[in-house]
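Trainee: Below you will find the structure I want to go over with you.
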Amino acid sequence: GFKSKWLGGDLRFNAAVFQITINDLQSGFVSLLAGGAVTLENAGQARIRGAEFDTTYVPFPMLNPGFVISANMGYLDAIYTDYRDGAGYDEKTGLFSNNIDFTGNDIVRTPKYSGGIVLTQTIPIGYRHELELSVDGYYNSGFSYTPQNTVTEPSYTLVKGRVSYFFIPWNLRLTAFGKNLTKEHYHYSKFQTDFGVNQTLAPPIQYGLRLEWTY
């Protein structure tokens, strides 16, 4: 990996390529017919290969130094390289089984692609006040919730924004924000049982006010 600065510090670019090998990676499952409690087990071995970058850019340092673009992106190739006798559900009968081979399947909650971009505009108002406007986009290409890779989350994109007023002498910030502005339908979690898949939806569009005081 490396970290770098360009254009007199107005452009920062960092990147890394990595590989991780994990022995005895822990995983959990729930079977109501096998006791009903969350049971933990270990995959023999897992491997994650990936690359990531992040950048911050001030495109108009003389004309508009308060305008900043930030972006990041990640790529993951994450699989179980040895996961035999795993607990799951027979895909034909739906019955619980503890001798399924998950070797070669994707590791849970590891999207192949993810990334985001943030556009921020800061506007000084004299020496005592500051206004900040920001819009934030995030993309996730989707992932599996279980080592069996039968319960998945499709790709989704989130957009949020905020407007902040900052009173500098008091370190006081008032922020109006909105989350999930495009009303994206996605989940916080899913887990499979003998009787189907239980799902927890993520919140829909949200608005709010937040007051922060730093002392």
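The values are calculated or read from the model by the stated rules, or taken from the named source; none is laboratory data. Just so you know, these numbers come straight off a predicted model, no measurement behind them. Reconstructed Cβ throughout: ideal geometry from the backbone, glycine too, with neighbour counts over all protein chains shown. The area values use the complete protein model at the heavy-atom level, side chains included, leaving out ligands, DNA and RNA. Shrake-Rupley method; radii C 1.70, N 1.55, O 1.52, S 1.80 Å.
Trainee: Taking the Cα centre of the stretch 151-215 as the origin, how large is its charge dipole in debye, to the nearest 20, when only Lys and Arg (+1) and Asp and Glu (-1) carry charge on their Cβ atoms?
Mentor: My answer is approximately 300 debye.
Trainee: I've got another one for you. Skip the ligands, DNA and RNA, and give the accessible area per residue of the stretch 14-161 with a 1.4 Å probe, whole Å².
Mentor: Using a 1.4 Å probe on heavy atoms only, each residue of the stretch 14-161 averages 56 Å².
Trainee: While we're here: For the stretch 1-148, which whole-number percentage of the solvent-accessible area (1.4 Å probe, protein heavy atoms only) is attributable to carbon and sulfur atoms?
Mentor: Exposed carbon and sulfur together represent 57 percent of the surface.
Trainee: Can I ask one more? Given the whole protein assembly as supplied and a 1.4 Å probe, what does the accessible area of residue 12 come to in Å², nearest 10?
Mentor: Answer for residue 12: close to 120 Å² accessible.
Trainee: Please build a GNM for the chain, connecting alpha carbons under 10 Å apart, and tell me which residue among 157, 55, 200 fluctuates the most.
Mentor: Largest GNM mean-square fluctuation: 200.
Trainee: Kindly flag which residue pairs out of 3/179; 92/183; 3/183; 3/190; 112/190; 160/190 have an alpha-carbon separation exceeding 27 Å in this structure.
Mentor: 3/179; 92/183; 3/183; 3/190
Trainee: To continue, here is another question. Quick check for me: using +1 on Lys/Arg Cβ and -1 on Asp/Glu Cβ, what's the dipole size of the stretch 43-189 about its Cα centre, in debye to the nearest 20?
Mentor: Dipole about the Cα centre, nearest 20: 520 debye.
Trainee: Grab the beta carbon distance between residue 159 and residue 14, set R0 = 25 Å, and tell me the FRET efficiency rounded to 0.05.
Mentor: The value I calculate is 0.55.
Trainee: Considering the zone a paramagnetic label at residue 118 would reach in this model (a point 7 Å from Cα along the Cα-to-Cβ line), which residues of the stretch 153-195 have amide N under 20 Å from it?
Mentor: Under 20 Å, as judged by backbone N against the label point of residue 118, lie 157-168, 171-182 of the stretch 153-195.
Trainee: Let me ask you something else. Among [x] 20.7; [y] 19.5; [z] 18.0, find the value of Kirkwood radius over Cα pairs in Å that was calculated from the structure presented, and write down its label.
Mentor: [x]
Trainee: Another one. How long is the gain from residue 4 to residue 183 if the chain were fully straight, where each residue apart is worth 0.36 nm and the alpha carbon distance is subtracted?
Mentor: Separation in residues times 0.36 nm, less the Cα-Cα distance, equals 60.8 nm.
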